[in-house]
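Engineer: Below: one structure in structure tokens.
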Amino acid sequence: MTKNITIFSLVLTGVASLTIAIGIGRFSYTPILPFMITEIGLTTTQGGLIASANFFGYLIGSLIPILPFFPKKIRTVFFLSIFICILTVFLMGVVQDLNFFIFIRFVHGVFSAFVLILGTSIILPHIQELGKIHLSTAHFSGVGLGMVFSSIVVSLFGYYGYQWNDLWIAIGILSVLLSLQIIFYTPYEIELSNKNPINQQPSRFGFTLISISYCLYGFGYVAFGTFISTMARTTIGIEVTEPYVWLIVGLSGIPSVFFWNWFSQKIGNDISLFLACSILGSGVLVSVLFSNPFGILFSSFLFGLTFIPITAMCLLEGQKRFPGSFIVSTAILTSSFSIGQMIGPYLAGFITDLTGSFYISMYFSGLTLIFGSFLMINPRRFIKN
């Protein structure tokens, strides 16, 4: 019984951390952005620039933990990072200024990367030590959970006439409540060998391919992930779907981690990555090829079904192919991913303002994802022994 309670508290702590830092802290921007565009006059390009600042911060934050001067007491830095992630959410609702938005989202990006990398480094070894390897990626469901929470809060408060800044304050309060789990149940870090425990077939070429594909994935998914709510609000014929698109993404995202974890054990992690990324790309294409309520809602379902577990599976695949430690492979892959998702929102916003439609940016994003999916297949499958 004690062991089960420990497992439960470990997973719940990991879930809470990613709910706060990523699900709410990063992705609540998507349903709030249409309110900011309508109420304070942001352009789509400016909205993309603010998102890119967050992802640039995430890039910087993913590199810092592998530097020699980074503090050794990662649990303390983890707590500080949670605090700053929550603080930056509140600050988004305090000042109405583009440069301030860019700065705050950049800071959040840095510390949300810390939460992901350090939280995983704290939680994962304890879960593996307790013999629950199949729960190693369970905490990624917190991303979907945070998206559901933020979607409900934003839709509810928006329905009752609250302004864009009130929405940021509301989800900030929600984050404070969730942080109680982290404060009381985060374990101390345990020492691990620098050797990768599941490094089955290290390959620098294979790791390079997964890094490139992860970058393309970051570029491809983020246009939909940033602008889908705005697209729903501003596209004639699908406006009614705006309160539901992000909710559907989150609801389908919560169980997706567990499904793809099971599925990857059946057919192989790299093949699962190929299928998931292909489905994701197809879902993004559906949003523009079938521009009606069913099309946009179905594309939201496919997006939620795949985009969260791709991150978990990519980190695992990188760990298998990289001849070194988990934290280094995670930092390299997260950096590659961040470069793609840093460029994507600004470019998508610029193209949309230029053309007056999301069609080109979404179409290009979908094709990028489908192309990148082929690079996720382990090249060793094509090498005869």
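Engineer: Wholly within segment 1-107, which helices (runs of 4 or more DSSP H) include no fewer than the required count, namely at least 3 residues that are of a type in the set (S, T, N, Q) and at pLDDT below 95?
Structural biologist: In segment 1-107, the matching helices (runs of 4 or more DSSP H) lie at 2-18, 44-63.
Engineer: Would you be able to tell me the number of residues in segment 332-372 that are of a type outside the set (Ser, Thr, Tyr), at negative phi and more than 15 Å from the chain's Cα centre (by Cα)?
Structural biologist: Selection size over segment 332-372: 19.
Engineer: If you go through segment 214-237 one residue at a time, do you hit one that is over 24 Å from residue 305 (Cα atoms), in contact with a helix residue (DSSP H, G or I) (Cβ under 8 Å, 6 or more places away or on another chain), part of a helix (DSSP H, G or I) and β-branched (Val, Ile, Thr)?
Structural biologist: Looking for residues that are over 24 Å from residue 305 (Cα atoms), in contact with a helix residue (DSSP H, G or I) (Cβ under 8 Å, 6 or more places away or on another chain), part of a helix (DSSP H, G or I) and β-branched (Val, Ile, Thr), one finds at least one in segment 214-237, hence yes.
Engineer: Output the residues belonging to segment 74-101 that are touching a residue at least 60 places away in the same chain (Cβ under 8 Å), within 13 Å of residue 121 (Cβ to Cβ) and of a type outside the set (Phe, Trp, Tyr).
Structural biologist: If the condition is that a residue be touching a residue at least 60 places away in the same chain (Cβ under 8 Å), within 13 Å of residue 121 (Cβ to Cβ) and of a type outside the set (Phe, Trp, Tyr), then 74, 75, 81 are the ones that fit.
Engineer: Residue check, residue 271 against (1) within 23 Å of the chain's Cα centre (by Cα); (2) on the phi > 0 side of the Ramachandran plot, all met but one. Which one?
Structural biologist: (2)
Per-residue answers, yes or no, for (1) closer than 30 Å to residue 164 by Cα; (2) of a type in the set (A, V, I, L, M, F, W, C); (3) modelled with pLDDT of 95 or more:
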{"site": "228", "(1), (2), (3)": "yes, yes, no"}
{"site": "232", "(1), (2), (3)": "yes, yes, no"}
{"site": "235", "(1), (2), (3)": "yes, no, no"}
{"site": "238", "(1), (2), (3)": "yes, yes, no"}
{"site": "241", "(1), (2), (3)": "yes, no, no"}
{"site": "254", "(1), (2), (3)": "yes, yes, no"}
{"site": "258", "(1), (2), (3)": "no, yes, no"}
{"site": "275", "(1), (2), (3)": "no, yes, yes"}
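Engineer: Next question, about the same structure. Which residue out of 208, 137 is among the polar types (S, T, N, Q), surrounded by fewer than 18 Cβ atoms within 10 Å (Cβ to Cβ) and either closer than 24 Å to residue 268 by Cβ or touching a strand residue (DSSP E or B) at 6+ places or on another chain (Cβ under 8 Å) (or both)?
Structural biologist: Criteria check complete, one pass: 208.
Engineer: Could you list, in sequence order, all residues of segment 214-240 that are hydroxyl-bearing (Ser, Thr, Tyr) and surrounded by 24 or more Cβ atoms within 10 Å (Cβ to Cβ)?
Structural biologist: The answer is 214, 217, 221, 226, 229, 230.
Engineer: Every residue in segment 146-160 that is over 14 Å from residue 248 (Cβ atoms) and under 14 Å from the mean Cα position of the chain (by Cα), please.
Structural biologist: 146
Engineer: Right, another one. Based on this model, can you work out whether residue 179 counts as modelled with pLDDT of 95 or more, surrounded by fewer than 24 Cβ atoms within 10 Å (Cβ to Cβ), closer than 23 Å to residue 257 by Cα and out of contact with any His (no Cβ under 6 Å at 6 or more places or on another chain)?
Structural biologist: It is true that residue 179 is modelled with pLDDT of 95 or more, surrounded by fewer than 24 Cβ atoms within 10 Å (Cβ to Cβ), closer than 23 Å to residue 257 by Cα and out of contact with any His (no Cβ under 6 Å at 6 or more places or on another chain).
Engineer: With the condition kept exactly as written, say whether any residue in segment 334-353 is touching a Pro at 6+ places or on another chain (Cβ under 8 Å) and under 19 Å from residue 210 (Cβ atoms).
Structural biologist: No: zero hits.
Engineer: Is one or more of the residues making up segment 202-210 touching a Cys at 6+ places or on another chain (Cβ under 8 Å) and farther than 30 Å from residue 154 by Cα?
Structural biologist: Among the residues of segment 202-210, at least one is touching a Cys at 6+ places or on another chain (Cβ under 8 Å) and farther than 30 Å from residue 154 by Cα, which makes the answer yes.
Engineer: Also, quick follow-up: Among 45, 30, which is the only one that is within 16 Å of the chain's Cα centre (by Cα), farther than 23 Å from residue 325 by Cβ and touching a residue at least 60 places away in the same chain (Cβ under 8 Å)?
Structural biologist: Selected residue: 30, the only one of 45, 30 that is within 16 Å of the chain's Cα centre (by Cα), farther than 23 Å from residue 325 by Cβ and touching a residue at least 60 places away in the same chain (Cβ under 8 Å).
Engineer: So, one more: Does residue 152 fit the bill of being surrounded by 15 or more Cβ atoms within 10 Å (Cβ to Cβ), of a type in the set (A, V, I, L, M) and under 18 Å from residue 326 (Cβ atoms)?
Structural biologist: It is false that residue 152 is surrounded by 15 or more Cβ atoms within 10 Å (Cβ to Cβ), of a type in the set (A, V, I, L, M) and under 18 Å from residue 326 (Cβ atoms).
Engineer: Does residue 315 meet the test of being of a type outside the set (Asp, Glu), closer than 18 Å to residue 209 by Cβ and at pLDDT below 95?
Structural biologist: yes
The values are calculated or read from the model by the stated rules, or taken from the named source; none is laboratory data. A quick note: this is a predicted structure, and the numbers were derived from the prediction, not measured. A quick note on method: Cβ atoms are made from the backbone with ideal geometry, for glycine too, and the neighbour counts reach across all protein chains shown.
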